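**Student:** Once you've had a glance at the structure underneath, I'll fire off some questions.
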Amino acid sequence: MTASARSAVVRPRRGPPWATADRWARLHYKLDVKGMPYLYIAPFFLIFFVFGLFPILYTGWMALTQWNRVVPGSSDTFVGFGNFARLIHDDYFWNALRNTFAIGVLGTVPQLLLAMWIAHLLHRQLRARTLLRVGVLVPNVTSVAAVGLIFAALFGRDFGLINWLLSLVGLGKIDWQAGTWQSWSALAIMITWRWTGYNTLIYLAALQAVPEDLYEAAEVDGAGEFQKFRSITIPALRPTIIFTVIMSTIGSIQLFTEPLMFNPGLSPTGGDSREFQTLAMYVYEQFWSHGKYGYASAVSWAMFMIIIVAVGVNYLLVRRIRSAT
């Protein structure tokens, strides 16, 4: 190659050393700002896929089969929506749905009203206010199995404390585990005792954002505690109330441990005549007691759809309330 040809070769220009370092710094910045957030939330989605999404999809496939523990090869027998058609005519399913709805209403409505009132009281300047706030949360951190066993003993027919107190005022013994309304009431009291403190702290946290000037102005105008609660506390807690109603609705539909522990012998039937069998207990009975995996999966998906409908109704209420304010 001649000298003129060598001089014609275009050599790439190398930038200064700090240009390469600057490119690495920009790349590191992009990975740190845009990539690291996805890495931080990746464990949640991984765990959700393994323990949440995959079981839901697998259960959906099981619901379309006639999988029965005592029938060999039934796991591959595809029946389509046959299990759901059978579900519509299942009296035990509708009985469990009725029990779940009744216990949920009896346990949720008084619980939320009581939680709002306690939060209103704890929001005032009281002595040992911090101790009282911690105390209302104690029932929620107690083991649910222990709570169920203790309340089963309290509502015992022969030696229960509740029946003993009723006998002092001349009332006879009540078989709380046998009657429908009796068992509903006992379970509602148990649920109210366990979850009132939890919702109280949620309401109390929401009340921290309410200006104290409103309460002071109400006192100047001569408003009492109930008037302040109705005119200031409830409107201020409106979005929080919707949230607690949604969460309480979901928890009520999934109610399982409390009625299971309340039943003598821990039977999933919910009493001799299924007086307080919930949907979750019915799923447990069909799956573990009878080995009807396909049908139990169909009941589980029915519960899932009921929860979606309930949450959707609450969402529509939220939009309507917000548009009205």
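The values are calculated or read from the model by the stated rules, or taken from the named source; none is laboratory data. Since we're looking at a predicted model, the values are computed, not measured. For neighbour counting, all protein chains shown are included, and Cβ atoms are generated from backbone atoms with ideal geometry for every residue, glycine included. Calculation scope for accessible area: heavy atoms of the full protein, side chains included, ligands and nucleic acids excluded. Shrake-Rupley method; radii C 1.70, N 1.55, O 1.52, S 1.80 Å.
**Student:** Evaluate the relative contact order of the chain (contact order divided by residue number), counting alpha-carbon pairs under 8 angstrom at least 6 apart; express in whole percent.
**Tutor:** So the answer I get is 25 percent.
**Student:** Shifting gears a bit: I'd like to know which of F243, V283, A296 lies farthest towards the positive end of the charge dipole of the range 204-325, counting +1 on Cβ of Lys and Arg and -1 on Cβ of Asp and Glu.
**Tutor:** A296
**Student:** With a 1.4 Å probe and all protein chains kept in place, how do E216, E285 rank by accessible area, largest first?
**Tutor:** Highest to lowest solvent-accessible surface, that is E216, E285.
**Student:** Given that just one value was derived from the coordinates, which of (i) 61, 24, 15; (ii) 52, 37, 18; (iii) 46, 19, 17 is semi-axes √(5λ) of the Cα gyration tensor in Å?
**Tutor:** For semi-axes √(5λ) of the Cα gyration tensor in Å, the calculated option is (ii).
**Student:** T65's amide H: which non-local residues (gap 5+, or another chain) put their own amide H closer than 5 Å, with H modeled 1.01 Å from N in plane and none for Pro or chain starts?
**Tutor:** V79
**Student:** May I pose another question? At q = 0.09, 0.10, 0.15, 0.18 Å⁻¹, what log₁₀ I(q)/I(0) does the range 86-219 have when each alpha carbon counts as one equal point scatterer in the Debye sum?
**Tutor:** Each listed q corresponds, in turn, to -0.40, -0.48, -0.88, -1.05.
**Student:** What residue among M281, M247, M116 has the largest mean-square fluctuation in a Gaussian network model of the chain, using Cα springs under 10 Å?
**Tutor:** Per the Cα network of the chain with a 10 Å cutoff, M247 tops the list.
**Student:** Carbon and sulfur together cover what percent of the accessible area of the chain at a 1.4 Å probe radius?
**Tutor:** 68
**Student:** Work out Dmax and Rg for the range 194-299 from the C-alpha atoms and quote the Rg first, both in angstrom.
**Tutor:** According to the Cα coordinates of the range 194-299, Rg and Dmax are 21.4, 67 Å.
**Student:** Further question on the same structure: Relative to the Cα centre, what is the charge dipole magnitude of the chain, using +1 at the beta carbon of each Lys and Arg, -1 at the beta carbon of each Asp and Glu, and rounding to the nearest 20 debye?
**Tutor:** 1820
**Student:** Given a 10 angstrom Cα cut-off, can you work out which residue in L207, L114, L46 is the most mobile in a GNM of the chain?
**Tutor:** Judging by the Gaussian network model, the answer is L46.
**Student:** In what sequence, largest accessible area first, do D90, D272 appear using a 1.4 Å probe?
**Tutor:** Listed by decreasing accessible area, they come as D272, D90.
**Student:** Let me ask something else about it. Percent of Cα-Cα pairs per 10 Å bin, from 0 to the last occupied bin, for the range 260-312, please list those.
**Tutor:** Bins of 10 Å from zero give 26, 44, 27, 3 percent of pairs.
**Student:** In terms of solvent-accessible area of protein heavy atoms at a 1.4 angstrom probe, what is the ranking of K34, K292, K228, highest value first?
**Tutor:** Greatest to least solvent exposure: K34, K292, K228.
**Student:** Take the chain, connect every pair of alpha-carbon atoms lying under 10 Å apart with a spring to form a Gaussian network, then pick out the residue of T257, T192, T142 with the largest mean-square fluctuation.
**Tutor:** Sorting by GNM fluctuation, first place goes to T142.
**Student:** Can you give me the angle between helix 91-122 and the longest principal axis of the chain, using Cα atoms only, in degrees from 0 to 90, rounded to the nearest 10?
**Tutor:** Taking the Cα atoms of the chain, the angle to 91-122 is about 80 degrees.
**Student:** Which whole-number value in Å² is the accessible area per residue of the chain, probe 1.4 Å?
**Tutor:** 62
**Student:** Which aspartates and glutamates have a Cα less than 16 Å from the Cα of K173, not counting those fewer than 8 places away in the same chain?
**Tutor:** D158
**Student:** Given a 1.4 Å probe and the protein chains all in place, what does the accessible area of R86 round to, in Å² to the nearest 10?
**Tutor:** Counting only protein heavy atoms, R86 exposes about 110 Å² to solvent.
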